[in-house]
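Asker: Before I ask anything, here is the structure I am working with.
Coordinate-derived values only; no laboratory data. Quantities reported herein were computed from a predicted structural model and do not represent experimental measurements. In this analysis, Cβ positions are derived from the backbone assuming ideal geometry, glycine residues included, and neighbour counts consider all displayed protein chains.
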Amino acid sequence: MNYVKVKGIDLEADYPYTAGSGMAGQCEDSEHTPAFTPSGYTMVLANSESELQKALTTQPVSICVDASSWFSYSSGVFNSCQPNVGLDHAVLLVGIVDG
């Protein structure tokens, strides 16, 4: 989060996803004007779904996940998560399905 606070977040059009169809992605190291630069952040209490839901009422939340089973995802709501297995990706959580 400190990196994003300093460097900002680029638009996807400025830094497109290049992997897929069995091909490795290519990193681009060119400079872009950030589309958004946050002024700060707040930590959410670990393993507290109620605190996470509360935080989501005011802004998206960055979370860490184990994405090892995501290779087969194609569409819809993804609900095959296992807590604290091997956190290897940071993603932006924008909503939560209650139930």
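Asker: For the chain, modelled as a GNM with alpha-carbon contacts under 10 angstrom, which of Thr18, Thr58, Thr42 fluctuates the most?
Answerer: Of the options given, Thr18 has the highest mean-square fluctuation.
Asker: Oh, and also: Enumerate the amide H contacts of Ser62 below 5 Å, restricted to partners 5 or more residues apart or on another chain; note that Pro and chain-start residues carry no placed amide H.
Answerer: Long-range HN contacts for Ser62: Leu93.
Asker: While we're on this one: Looking at the chain as a GNM with Cα springs under 10 Å, which of Ser74, Ser62, Ser39 has the largest mean-square fluctuation?
Answerer: Ser74
Asker: A further question follows. Contact order normalised by length for region 1-96, with contacts defined as Cα pairs under 8 Å and 6 or more residues apart; what percent is it? Before the final figure, lay out the partial values.
Answerer: On the way: 86 pairs, mean separation 23.7, N = 96.
About 25 percent, as a whole number.
Asker: Can you give the calculated 222 nm mean residue ellipticity of the chain, where each DSSP H run of n ≥ 4 adds -39,500 (n - 2.57) and the sum is split over every residue, rounded to the nearest 500 deg cm²/dmol?
Answerer: Details: 2 runs with 14 residues, N = 99.
It lands at -3500 deg cm²/dmol.
Asker: Another one. Just how large is the dipole of the chain about the Cα centre, in debye to the nearest 20, putting +1 at every Lys and Arg Cβ and -1 at every Asp and Glu Cβ?
Answerer: Working: 3 positive and 11 negative charges, 48 e Å.
Result for the chain is approximately 240 debye, rounded to the nearest 20.
Asker: What chymotrypsin sites (Phe, Trp or Tyr not before Pro) does region 14-52 have in DSSP loop regions with at most 10 other beta carbons within 10 Å?
Answerer: Values: sites: Tyr17, Phe36, Tyr41; in loops: Tyr17, Tyr41.
Qualifying residues, ordered by number: Tyr17.
Asker: Below 15 angstrom from the Cβ of Met43, what's the summed charge of the other residues (Lys, Arg +1; Asp, Glu -1)?
Answerer: Details: positive: Lys5, Lys54; negative: Glu51.
Spelling it out: positives minus negatives among the neighbours equals +1.
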